[in-house]
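Worksheet for the structure shown next.
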Amino acid sequence: MLKKLLLGPAAALVLLTVSAAPALAASQVGSGSLFLDGRVVGTVVPPANMPAGTGQDPFYKVTNGASDQLGIAGVGPGDAGAFHGGSWQVWTVTFNSGVTPYLLTSASAVAAALAAGDVTVTRVPDADFRCPITQQH
C-alpha cells in the first residue's frame, strides 16, 4: 500500500514533466544571425514586440536579396551614442526591377545601393522590434 501511495504521485510528476517538455522547448529562446559592418553577429530569437514606430536603431530587411542575405543592423555595441541595445527601427530594402540582387552586409552598403539606384528603402514602423546583439563572431 505504501508503495502505491509513493509511486502514484511520482508517476504523475514524471508524466506531467514529460508532457510539458515539448511546450517548454518550443518557448525557449534561440539564436540567430545578422550582418553588422560587414561581419556576422548573433542575436536572440524570437525577438520581442515593441509599439509601432518606437524603434531607434536602423535594421534593414532585404526582401528580394541574394541567397545568403541576412538582416542588417545599422549600428551595434561600441557605436557610442548611436546604439540603443537593439531597439530596431525596421526598413525594407528591395532590389529594383532589372537589378540582379547582390549581398548587402552593412548600413553603408545599403546607402551605396540606394545612391546607385539599385534598391528602394522603405520605413515599416509596424515591424519595429527589440532583439539584442548577443555575440560578435
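For segment 44-70, how many residues are assigned to a loop (DSSP other than H, G, I, E, B) and exposed (fewer than 15 other Cβ atoms within 10 Å of the Cβ)?
So the answer is 10.
Collect the residues in segment 52-75 that are touching a residue at least 60 places away in the same chain (Cβ under 8 Å) and not hydrophobic (A, V, I, L, M, F, W, C), keeping them in residue-number order.
Hits for segment 52-75 are GLY53, THR54, GLY55, TYR60, LYS61.
Among residues belonging to segment 106-137 that are assigned to a strand (DSSP E or B) and open to solvent by less than 30 Å² (accessible area, probe 1.4 Å), point out the one that is nearest to ARG39 (Cα to Cα).
Within segment 106-137, the match that is nearest to ARG39 (Cα to Cα) is ILE133.
Quick grid of which residues meet (1) touching a strand residue (DSSP E or B) at 6+ places or on another chain (Cβ under 8 Å); (2) at pLDDT 60 or above; (3) outside any loop (DSSP other than H, G, I, E, B):
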residue: LEU13; (1), (2), (3): no, no, yes
residue: LEU34; (1), (2), (3): yes, yes, yes
residue: ALA80; (1), (2), (3): no, yes, no
residue: THR92; (1), (2), (3): yes, yes, yes
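The values are calculated or read from the model by the stated rules, or taken from the named source; none is laboratory data. Nothing here was measured: the structure is a model prediction, and the numbers come from that model. As a convention, Cβ positions derive from the backbone with ideal geometry for all residues, glycine included, and neighbour counts pool all protein chains shown. Just so you know, the surface numbers come from the protein's heavy atoms only, side chains and all, with ligands and any DNA or RNA stripped out. Shrake-Rupley method; radii C 1.70, N 1.55, O 1.52, S 1.80 Å.
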